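Below is one structure, written out as structure tokens; comments come after it.
The values are calculated or read from the model by the stated rules, or taken from the named source; none is laboratory data. Here the structure is a predicted model, which is why all the values come from computation and not from measurement. Cβ atoms come from the backbone with ideal geometry, glycine included; neighbour counts cover every protein chain shown.
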Amino acid sequence: MNTALKRILVFLSIVALGLLLYSVFVENIFAPRLSPKDTVKFELNDLKLKVFYNRPYKKNREIFGALVPFDQVWRTGANEATTFETNKNLEINGMPLAEGKYTLWTVPRDSVWTVIFNSKQYKWGVNEQMQPMWDPNYDVLNIDVPVQKLNNAVEQFTIAFDNSTDNLFLTMAWDDVKISVPLK
């Protein structure tokens, strides 16, 4: 084997080893995410709904009013901005929402949450100062929904669709709190 080929192979081996060490010790890409990604879908006849979000854990922390402050916009999950997609026009709490893709933001309070559908797509949920990247100029719909207190704590933040009573709801639950957004 000639000298030039040996040097190239040694160089490529060093680069590969460096990338591997960086990914393990700096980025830790092989570790499970602290707030795993999830997608929930609902399909009925020709209606298709989808929510993409990240699911943080409670981990013995006080959640609402502490980790997630009251009266402030929350990215509704962790990491990337939560998105809501519908292929049909909807009515949410008596107000119209056109088909499309929205980011979903919330303002938690003790007895009521404001749920915000925003038309702007954000790559991440917060900026470098940990402030929500939400821009109110793109709000399409804001609704208030009552808080339901749960008897048992929900360990991992969960978004779901509930059609068990022939009334469709988008639900969000974490810790001892659940909200249900009516969809038609």
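For every residue, the table says whether it meets (1) in contact (Cβ under 8 Å) with a residue 60 or more places away in the chain; (2) closer than 27 Å to Pro36 by Cβ; (3) among the hydrophobic types (A, V, I, L, M, F, W, C).
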| residue | (1), (2), (3) |
| --- | --- |
| Thr83 | no, yes, no |
| Trp113 | yes, yes, yes |
| Val140 | no, no, yes |
| Leu150 | no, yes, yes |
Could you please let me know if Ala98 is within 13 Å of the chain's Cα centre (by Cα) and assigned by the TED database to the domain that holds Asn54?
no
Positions within the range 161-184 being touching a residue at least 60 places away in the same chain (Cβ under 8 Å), surrounded by 13 or more Cβ atoms within 10 Å (Cβ to Cβ) and not β-branched (Val, Ile, Thr), in sequence order
Phe161, Leu168, Leu170, Met172, Trp174, Asp175, Pro182, Leu183
Residue within the range 142-160 that is in the same structural domain as Phe42 (by the TED database) and touching a Leu at 6+ places or on another chain (Cβ under 6 Å) present
no
For the range 57-105, what are the residues that are aromatic (Phe, Trp, Tyr) and over 20 Å from Pro182 (Cβ atoms)?
Tyr57, Phe64, Phe70, Trp74
Ile116 being closer than 11 Å to Arg75 by Cα, in a strand (DSSP E or B) and assigned by the TED database to the domain that holds Asp175
yes
